[in-house]
1. Would you mind ranking 52, 121, 42 by Cβ crowding within 10 Å, fewest neighbours first?
2. Compute the helix-to-body angle for 155-164: its Cα long axis versus the longest principal axis of the chain, expressed 0 to 90° and rounded to tens.
3. Mind checking the alpha-carbon convex hull of the chain and giving the volume per residue in Å³?
4. Evaluate the charge dipole of the chain about its Cα centre and quote only its size in Debye, nearest 20, assuming +1 on the Cβ of each Lys and Arg and -1 on the Cβ of each Asp and Glu.
5. Got a sec? How would 33, 4, 233 order by Cβ neighbour count within 10 Å, fewest to most?
6. Quote to one decimal, in nm, the extra length available between residue 64 and residue 182 on full extension: 0.36 nm per residue of separation minus the C-alpha distance between them.
7. With a 10 Å Cβ neighbour count serving as the proxy for reagent exposure, in which order, fewest first, do 130, 8 appear?
8. Taking the Cα-to-Cβ direction at residue 142 and at residue 214 and moving 7 Å from each Cα, how far apart do the two end points lie in nm?
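What follows is calculated from the coordinates using simple rules that are stated; it is not laboratory data. Because the structure is predicted, anything quoted here is derived from the model rather than measured. Don't worry about glycine lacking a Cβ; one is built from the backbone with ideal geometry, like all the others, and counts go over all protein chains shown.
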Amino acid sequence: MKKVLILSGAGLSAESGLKTFRESNGLWEEHDVMEVCSASGFRKNPKKVREFYDERRAQLEKVKPNHAHEMIAKLKAEFKDQIFVITQNVDDLLERAGCKDVIHLHGFLPELYCASCGTHFNIAYKKQESTTCPKCKQPFLRHNIVMFEEPAPQYQTLYEALSQSGLFVCIGTSGYVLPVGHFASMCEHSILNNLDADPALDSCFDKVYTQKASTAIDQIALDIRNYLGGNYV
């Protein structure tokens with residue numbers, strides 16, 4: 001059975017209005033990333049980190065999925081067992097677009113994690129404040145986000161999906177965090193979609209669409225359908 005891996009990054013959700021770290025006036029410029037997104041920063045100032053993620057949830061509530069999220073959800077529904085949907089994003093826009101079985105490599109913003117019993121639970125877009133664990137009632141909670149200096153358990157799932165896929169589709173990621181150029185070499189065919197050209201990265205892929213994700217997604221969907229139908233060119 002032919003399979004496709006769709007891996008998305010910040011560029012997928014940027015069109016919906018979510019700030020990314022690397023954009024102009026993005027989160028890099030507003031925050032020291034190691035203070036708010038690292039394990040050591042969390043140990044040093046947990047209140048600041050909690051407030052940072054409270055702000056991210058409040059921002060997430062105000063935005064909506066865009067056409068690219070919706071098309072990925074449609075493809076997943078159409079080819080349930082043949083498409084892996086994996087994202088570096090921690091937002092819930094794919095889920096809100098109706099996408100099932102999304103694998104979040106770096107955690108899930110609407111969730112908290114209980115350090116006492118290991119329970120994950122959804123608080124949607126609320127502040128953490130005085131929340132306690134619904135299972136053990138303890139207050140020792142944190143955001144369910146993989147921080148810098150922490151392992152990312154779902155990376156194993158990513159590599160397993162790559163080993164099963166003949167087409168790798170990369171949407172909205174620059175390759176700074178994950179070696180997506182190498183991932184392209186692991187699959188027979190590959191497609192890249194980013195807003196800006198990157199000659200070194202672009203050269204690793206069979207097809208490159210240098211435009212907004214919401215613009216490129218219809219052609220990407222056609223490519224995926226053609227691949228799964230045996231008509232990929």
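1. In increasing order of surrounding Cβ atoms, one gets 121, 52, 42.
2. Helix 155-164 and the main axis of the chain meet at about 20 degrees.
3. Cα-based convex hull of the chain, divided per residue, equals 124 Å³.
4. 800 debye
5. Final ranking by Cβ density, sparse to dense: 233, 33, 4.
6. 39.3 nm
7. 130, 8
8. Placing both labels 7 Å along Cα→Cβ, they lie 3.6 nm apart.
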